[in-house]
Amino acid sequence: MTMLQGNTGDWEMVIGLEVHAQVISEAKLFSGAATAFGAEPNTQVSLVDAAMPGMLPVINRVAVEQAVRTGLGLKAEINLVSVFDRKNYFYPDLPQGYQISQFPKPIVGQGTLILDLAGGETREVGITRIHLEQDAGKSLHDQHPSNTFIDLNRSGVTLMEIVSEPDMRTPEEAGAYLRKLRSILRYLGTCDGNMEQGSLRCDANVSVRRAGDELGTRCEIKNVNSIRFVQQAIDYEARRQIELIEEGGTVDQETRLFDSGNGTTRSMRSKEEAHDYRYFPDPDLLPLEISQGFVEEIRASLPELPDAKKERFVSDYGLGTEDAGLLTAERATADFYEEVAKGRDSKLACNWVTGELFGVLNKSGLGIGDSPVSAAALGGLIDLIADGTLSGRLAKDVFEAMAETGKEASVVVEEKGLKQVSDSGAIEAEVDQVLQAYADKVAEYKGGKDKLFGFFVGQVMKATGGKANPGVVNEVLKKKLGG
Amino acid sequence: MPLDKATVARIATLARIRVPEEELESLAAEMDKIIGWVEQLDEVTTDDVPPMASVVDVELPWRDDEVTDGDCRDKVLANAPEKVEGFFAVSKVLE
Amino acid sequence: MSELNCLTMAQARDGLAKGDFTSVELTQAHIAALEASRELNAFVTETPEQALEAAKASDARRVSSNSGGGEAGSMEGLPIAIKDLFCTEGVLTTASSHILDGFTPQYESTVTANLWRAGAGMLGKTNLDEFAMGSATVTSYYGPTVNPWRRSGDDKKLVPGGSSGGSAAAVAARAALGATGTDTGGSIRQPASFCGIVGIKPTYGRCSRWGIVAFASSLDQAGPMTRTVRDGAIMLGAMAGHDARDSTSADREVPDFEAALEKGVKGLKVGIPEEYQMKGMSPELLALWDQGKAWLTAAGAEMVPVSLPHTKYALPTYYIVAPAEASSNLARYDGVRYGLREEGETLQEMYENTRGEGFGAEVTRRVLIGTYVLSAGYYDAYYLKAQKLRTLISRDFREAFDKVDVLLTPTAPSPAFAIGEKMDDPIAMYLNDVFTVPASLAGLPAASIPAGLSGDGLPLGLQLITHPFDEETMFRAARAVEDAAAFNAEPTLMAGDGS
C-alpha cells in the first residue's frame, strides 16, 4: 500500500470516483432533440428541454439499453424496477428547476472493475451503482461583461452516473480506474469516453486517514476534465488535507473545484448555501420496469470485454500480461493485433504492434484507426521476415518506408532493392574481402580473441548494405575462420 | 416543533420566493396550522403499506431513439425576457 | 326558436346537421352572450375572431361533407371555452398568474388540439384560481369570477367554485356550449356543483396532460363542463385519447360515451359510503343525497352501504401530495425563459423577486408547504406518509368496487358562498373538496350532476364515482340522476335570455 508521508507520520488516501458518462444515443433521455456535439446554441432544444409549461418527459429506449449494457459490462446487478426522482435546485441552465435523476432506486446496483496496474498487477474496485439522469444546459459567463448566456443544447442529454466504492488508494489507481472504465465503455459502445468534449466527466471524493484509522472527512472535487488532472487534483487535495490535520485543523465536508492552471483545489460553495435537493419520485414518469428477458437479450449481445480478451491473449497467443493489457485496452487495437497475428508468429506480431507501430502512432498522434500501416500490410511485412526475404534490421527500414508512403512491404522491398541476399556464393565473396582487409584481426581471432566474430559479421553486413542474410553470413564466416 | 419564522424564511429561500419580512410571522402561523392539521395522518399505522408509485395501471412507455424534435430555436426563445445571439441571457452569475 | 346560446351542445349539433343555422350564427350568438356577461369576469382572454374563423371553416367543411367530402367531426361547429391552464398556440396563456405575463405558447395542448380536430372553435380562455390552486376562483391575478347564480332575495356576489370557476360560470351563463376544466382535487366537480352544471373528471390517464400547465402531476386531469350529461359525453369523447407524449396517458380505446347514456341503471349496484355522512352536514344536503338514492332505486338500481375507512385522511393527504408536486412543478417559473422577470442585483435576487412578485398568496403558501414537506428530515414524516395513505385510500375504493358498480355521494359540503368568505382560513377553504379529493387521490372517474336547489335557491350537485376507465357506467348513472332530477332552474344572470 502506498502511503503519503506527512510531518507526523504516514497517511493513506481514500479515493472514490463519480463518473458522468454521456450515453451514446441519437436523441435525448426524455425528448426527441438531437445530442450531437458542437451545434449552434439552442438549436438542439425541444420545448420539453426548455421546460415550457405543460411539457412532459417520455423515456428513450436506447438510454435504458445502454445503462443495462454498461451494468452488465461492469458485472453489476441490474434492477428490474428503478425509479426516476426529481432533484430540485435552481440554476439558469437547469430549465425545469429540477434534474430528473435516480436516487434510492437506480437502474444498476453493485458491480466490479479490475484495475490494470504497472507490472501487469491487477486490483479490484467496487462499483456502488449506476443511475440514469439528465444533463444540464451550459452557462457561458465569459461572453459578455454583465450577462451570463444560456445554451440548452445539452439540457436533457442522457448521462450515466457511475459511482465507485472508496476503494482506491493512490492517484495512479484513480487514473487506472478511469482508463479501464473508459476502455469498457468504449468496448460496449455506451459512451465515447471523450473527456475533452465533456462526454466523460469525473468528480473525485478524497479523504485521508492514518493507517488503520476510520475513514476521514471527504471533499468532493468537481468536474475534472482529464485523467492527468484527476491524478493531480487528488494528489494536491490529499496533501492539503494532511497539512490541515497536522496543523490541528479539521477537514470540512465540501465541494471543491480543481484549478488546472496552478494544480490546486479551492472551495466552491459556502456552507450556509448547503443544498437540500428535496428528491421525490417524478410524478410525470412511472417506475421503470424491465424484464429479465430484456436483460438477457442485451447480455447475449455483449462483446468480449477487455479483461476476458486480455486473458485470452495470454493463453492463446502466449503473451505477457502487460503486453496483453496494452493490446486489449482499445478494442480497435485488439482487433488490429488479432488480424496481424492470424496465422503468424503471435509474439513477433505483438512486438511489431507494441513496438514499431505504437512508436509511429505516438509520434504522429494518430489512433489505431488512422494507422498509416494497415494490419494486413504489417502482416505482409512479418511474412517477409518469416520467409527470410528480410532481416529484422531491414524490416525496420521497410516499416519506416511503409509508414511514410502507405505502400505494401513487398512494394517497398522491390522499389528500394532491399531484398535480403542469401546466396552463399555472393556472401562468400564479401566475406573473403573482409577477411583480407582485416588480416590483423583474423590473426588476433585465431589467437583466441573470440569476441571479434561479431566484428566480422558487422563488417560483412555493412559491406552488403545490410542486405546479407545474417544466418548465412554466420555460417560462411565460421567455415572460413575455422578452416 | 412549531413551524417558526426562521424556518419559513429558510424554506422561502430554498423555494426562491421573496417573502417580505413583515409577512413572515403570519405566514408561519398559517403554515404551522396547516402542517399541524395534516399531521393527523400520524394516527394511521402504515409500516407495512407501500407508498403509491403510480395512480394508473399503466406501464412506462418507451420512445424509439430517433431525432424527432428540436431545431426550433425561434420557438424556444420566443417568450424569453432577454435573449442575445441565440442564447437566453440573465444577469451575470458569479460562482 | 330559443336563443342559439341557450341550446345544449347536442341540440346545437343536431341543428347544425339539419341546417337550421350555421356555425357562424351559433358562434355569433355566443360571442354576444360572452360580451353580455362580462360582469362575471369568466374570461381572461376573449378570442372572438378566432371563434368566427373556426366557425367559417366548419361551415365550409359541412358544405363539403354534405356533398360527400368526408365526415363532420363530433363537435363540428360548436363554440366552447377553454380554461386558461391549457396552452393554446399563439394565444396568451396565463394560468391566471402574474408570473406568466405575456406568455404566448408556441404549441397547442393535446386536449385542445383534439377538440379543434373534432370541429370545435374557441371563444376564449377562462379564469381560474392561480395555477388551479383554489376552490373559489378568487386567487386569480385577473380578479375573481362571479357565479351567475344569486341566493334568492340576496344580491351578494357568490363564488363560482374553483379552480375551474371561469369555465363553470361561462357555461352556466350560456356564454359557451361547454368548456374544458381541469380537476386536481375537485376543480371540475365542485364549481360544476356551485354553478348548476355537469362536470366530469375522467380516469387519470384518459385525457393527455401534454400542454396543460401542471399543478400536481399525479392528480391533474382534464374534463368537460357542460349543461347536460349527454353534452359531457360528447365533449369527453372528443377530448380523450392516448397521447405518446404523456407517459401517464392510457393506451386504451375511447368508448362511445354517448351510446352508454341510455343503457339505464337497472340492476346496477350503487354504493353509499358511510364515511361521507359527516358530522355537521346540512340537512338539505342529506335530503338531496337521500333523494338521489331514491331516484336511482326507482330506476332499478340497488343501494348498497359501503365503507371507505380512510376517507377522513384524504384531505390532509392531498394537502401534502399536491403542494409537494406543485413546489417542484412551479420551479420552472424562474424568469429566465418566459413570463415575468423582476431584475435583482444577483441571480438569486432575480429569482426571488420574480417569484415573490409573480406568485400570489395561495400559490406562495402551497409552494412553501410543498418545499417544507419534501425538505431534508421531513420527507418520510410527510410525503412518504401521504403516499402510503394514498395506497390505503385507493385500496378502500378497490374493495368497495368489489361489491358495487358506482358510488353516490354529494359533490360539495355546501352551495356557493359569498366572495370574501373563507378567505382568511385556508383549511376552511380546503374543506370544500372533502368529497371530491378521495377519488382524485385514487385516479378514479367522477362526475357532478346538478340535482337540486338549496333552501336559498342555489344549485347542489351529486357525485358519481366509478372504477378506473369505466366512465360508461358513470354516464349511465349520471343520466339516470339527471333524468330524475329534471333540473331546469336557471341562474340569475343568464346571457341572452333578455333579462
Report summary line: (1) open to solvent by 30 Å² or more (accessible area, probe 1.4 Å); (2) over 25 Å from C:Glu325 (Cβ atoms); (3) among the charged types (D, E, K, R) all hold for C:Arg150 apart from (1)
Query raised in the report: In the stretch C:263-272, is there at least one residue being of a type in the set (D, E, K, R) and either crowded, with 19+ Cβ neighbours inside 10 Å or touching a helix residue (DSSP H, G or I) at 6+ places or on another chain (Cβ under 9 Å) (or both)?
Result: yes
Query - Qualifying positions in the stretch C:374-390 - more than 8 Å from chain B (Cβ to nearest Cβ) and buried (at least 21 other Cβ atoms within 10 Å of the Cβ) - result: C:Leu374, C:Tyr383
Report summary line: Taking the stretch A:1-38 and keeping only residues that are modelled with pLDDT of 95 or more, assigned to a loop (DSSP other than H, G, I, E, B) and out of contact with any helix residue (DSSP H, G or I) (no Cβ under 8 Å at 6 or more places or on another chain), one is left with A:Lys28, A:Phe30, A:Ser31, A:Gly32, A:Ala33, A:Thr35
Query raised in the report: Has the stretch A:63-82 got at least one residue that is within 10 Å of chain C (Cβ to nearest Cβ), in contact with a Phe, Trp or Tyr (Cβ under 8 Å, 6 or more places away or on another chain) and open to solvent by less than 10 Å² (accessible area, probe 1.4 Å)?
Result: no
Report summary line: Across (1) without any contact (Cβ under 8 Å) to a residue 60 or more places away in the chain; (2) crowded, with 20+ Cβ neighbours inside 10 Å, C:Phe21 clears everything bar (2)
Requested in this report: Give the residue that is surrounded by the fewest Cβ atoms within 10 Å (Cβ to Cβ), with candidates limited to residues of the stretch C:73-94 that are without any contact (Cβ under 8 Å) to a residue 60 or more places away in the chain and within 20 Å of C:Glu53 (Cβ to Cβ).
Outcome: C:Gly90
Report task. Would you point out which residue out of A:Ile114, A:Ile221 is of a type in the set (Val, Ile, Thr) and surrounded by fewer than 21 Cβ atoms within 10 Å (Cβ to Cβ)? Result -> A:Ile114
**Report entry** Selection within the stretch C:250-292 - acidic (Asp, Glu) and part of a loop (DSSP other than H, G, I, E, B)
**Finding:** C:Asp251, C:Glu253, C:Asp256
Requested in this report: Out of the residues in the stretch C:344-366 that are at the interface with another protein chain (Cβ under 7 Å from one of its Cβ atoms) and charged (D, E, K, R), state the one that is least open to solvent (accessible area, probe 1.4 Å).
Outcome: C:Arg355
Requested in this report: Search the stretch C:297-342 for residues being more than 7 Å from every other protein chain (Cβ to nearest Cβ) and of a type in the set (Asp, Glu), and hand back the single one that is least open to solvent (accessible area, probe 1.4 Å).
Outcome: C:Glu342
Query raised in the report: Considering C:Trp210, C:Trp295, which residue is in a loop (DSSP other than H, G, I, E, B) and touching a residue at least 24 places away in the same chain (Cβ under 8 Å)?
Result: C:Trp210
Report task. All but one of (1) under 39 Å from the mean Cα position of the chain (by Cα); (2) in a helix (DSSP H, G or I) hold for A:Thr389, so report the exception by its number. Result -> (2)
Query raised in the report: Can you tell me how many residues in the stretch B:45-80 are more than 29 Å from C:Ser208 (Cα to Cα) and under 27 Å from the mean Cα position of the chain (by Cα)?
Result: 2
Requested in this report: Could you tell me whether any residue of the stretch A:3-17 is hydroxyl-bearing (Ser, Thr, Tyr), surrounded by fewer than 22 Cβ atoms within 10 Å (Cβ to Cβ), more than 10 Å from chain B (Cβ to nearest Cβ) and touching a residue at least 24 places away in the same chain (Cβ under 8 Å)?
Outcome: yes
Report task. Tell me, yes or no, whether the stretch A:279-286 has at least one residue that is away from every other protein chain (no Cβ under 14 Å), in contact with a helix residue (DSSP H, G or I) (Cβ under 8 Å, 6 or more places away or on another chain), assigned to a loop (DSSP other than H, G, I, E, B) and open to solvent by less than 50 Å² (accessible area, probe 1.4 Å). Result -> no
Query raised in the report: Can you tell me which residues in the stretch A:160-182 are among the polar types (S, T, N, Q) and either part of a loop (DSSP other than H, G, I, E, B) or surrounded by fewer than 20 Cβ atoms within 10 Å (Cβ to Cβ) (or both)?
Result: A:Thr170
Requested in this report: Quick one: A:Thr43 ticks every box in (1) within 9 Å of chain B (Cβ to nearest Cβ); (2) touching a residue at least 24 places away in the same chain (Cβ under 8 Å); (3) outside any helix (DSSP H, G or I); (4) open to solvent by less than 10 Å² (accessible area, probe 1.4 Å) except a single one, so which number is it?
Outcome: (4)
Requested in this report: Within the stretch C:95-109, identify whether any single residue is open to solvent by 10 Å² or more (accessible area, probe 1.4 Å), within 21 Å of A:Gly54 (Cα to Cα) and not in a loop (DSSP other than H, G, I, E, B), and answer yes or no.
Outcome: yes
Report summary line: (1) within 14 Å of chain C (Cβ to nearest Cβ); (2) without any contact (Cβ under 8 Å) to a residue 60 or more places away in the chain all hold for A:Ala118 apart from (1)
Requested in this report: Working only within the stretch C:111-121, note down all residues that are within 14 Å of chain A (Cβ to nearest Cβ) and open to solvent by less than 10 Å² (accessible area, probe 1.4 Å).
Outcome: C:Val111, C:Thr112
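Every residue, every condition in (1) open to solvent by 10 Å² or more (accessible area, probe 1.4 Å); (2) modelled with pLDDT under 95; (3) in contact with a helix residue (DSSP H, G or I) (Cβ under 6 Å, 6 or more places away or on another chain); (4) within 11 Å of another protein chain (Cβ to nearest Cβ), yes or no:
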| residue | (1), (2), (3), (4) |
| --- | --- |
| C:Glu421 | yes, yes, no, no |
| C:Asp424 | yes, yes, no, yes |
| C:Leu431 | yes, yes, no, yes |
| C:Val437 | no, no, yes, no |
| C:Ser440 | no, no, no, yes |
| C:Pro445 | no, no, yes, no |
| C:Ile449 | no, no, yes, no |
| C:Leu460 | no, no, yes, no |
Report task. Under 6 Å between Cβ atoms, at least 6 apart or on separate chains: pull out the pairs that start in the stretch A:86-110 with a residue that is on the phi > 0 side of the Ramachandran plot and end on any residue that is open to solvent by less than 20 Å² (accessible area, probe 1.4 Å). Result -> A:Gly97/C:Ala331; A:Gly97/C:Arg332
Query raised in the report: Only one residue in C:Gly143, C:Gly161, C:Gly181, C:Gly124 is touching a Gly at 6+ places or on another chain (Cβ under 7 Å) and either in contact (Cβ under 8 Å) with a residue 12 or more places away in the chain or surrounded by fewer than 24 Cβ atoms within 10 Å (Cβ to Cβ) (or both). Which one?
Result: C:Gly181
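The values are calculated or read from the model by the stated rules, or taken from the named source; none is laboratory data. Predicted model only: the values in this text are computed from it and were never measured. Virtual Cβ from ideal backbone geometry, glycine too; neighbours counted across all protein chains shown. Accessible surface areas use protein heavy atoms only, side chains included; no ligands, DNA or RNA. Shrake-Rupley method; radii C 1.70, N 1.55, O 1.52, S 1.80 Å.
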